[in-house]
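**Student:** Take this structure, written in structure tokens, and hold onto it; I'll ask about it next.
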Amino acid sequence: MEELLASNIIVFLLDSACRRIPTRKNLDQHKVIDQESLRPCVLCEGREETSNHLFLHCEVSRNVWLNMFRCLDFNFPISSYLFIHL
């Protein structure tokens with residue numbers, strides 16, 4: 001069970017780094033949604049919803065990461081790009 005969880009996490013991280021997460025920006029590029037449906041980030045309604053923004057730069061997700069690291073007493077610098085974390 002733990003191996004399955006670890007492999008799922010690895011696949012998710014790779015998909016995130018390779019920009020294969022179905023963010024609004026990716027859905028627009030692949031013509032899944034039209035330009036009128038392209039709205040800002042679903043969490044903060046700030047910038048364009050990309051993988052980097054959604055997981056690293058969005059104020060909501062950034063606060064989640066920082067609080068999680070603080071609870072674990074773990075100092076981890078959050079980079080500008082997901083690929084760097086791999």
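The values are calculated or read from the model by the stated rules, or taken from the named source; none is laboratory data. Predicted, not measured: the structure shown is a model, and the values here were computed from it. Here the Cβ is made from the backbone with ideal geometry for all residues, glycine too, and neighbour counts use every protein chain on show.
**Student:** Among the residues of region 28-59, write down those that are modelled with pLDDT of 80 or more, farther than 20 Å from residue 13 by Cβ and in a helix (DSSP H, G or I).
**Tutor:** Selection gives 28, 29, 59.
**Student:** What are the residues in region 1-37 that are under 22 Å from residue 56 (Cα atoms) and of a type in the set (Ser, Thr, Tyr), if any?
**Tutor:** Hits for region 1-37 are 7, 16, 23.
**Student:** Restricting to region 47-67, give me the number of residues that are among the β-branched types (Val, Ile, Thr) and either in contact (Cβ under 8 Å) with a residue 12 or more places away in the chain or in contact with a Pro (Cβ under 6 Å, 6 or more places away or on another chain) (or both).
**Tutor:** Final tally of qualifying residues: 2.
**Student:** Please go through region 12-32 and give me each residue that is farther than 19 Å from residue 53 by Cα and out of contact with any Pro (no Cβ under 9 Å at 6 or more places or on another chain), ordered by number.
**Tutor:** 31 - this is the single residue of region 12-32 that is farther than 19 Å from residue 53 by Cα and out of contact with any Pro (no Cβ under 9 Å at 6 or more places or on another chain).
**Student:** I'd like to verify a number: residues in region 1-46 that are in contact (Cβ under 8 Å) with a residue 12 or more places away in the chain and more than 18 Å from the chain's Cα centre (by Cα), how many?
**Tutor:** Final tally of qualifying residues: 1.
**Student:** Are any residues in region 60-86 modelled with pLDDT under 85, assigned to a loop (DSSP other than H, G, I, E, B) and loosely packed, with under 13 Cβ neighbours inside 10 Å, and if so, which ones?
**Tutor:** 74, 75, 76, 77, 79, 80, 81, 86
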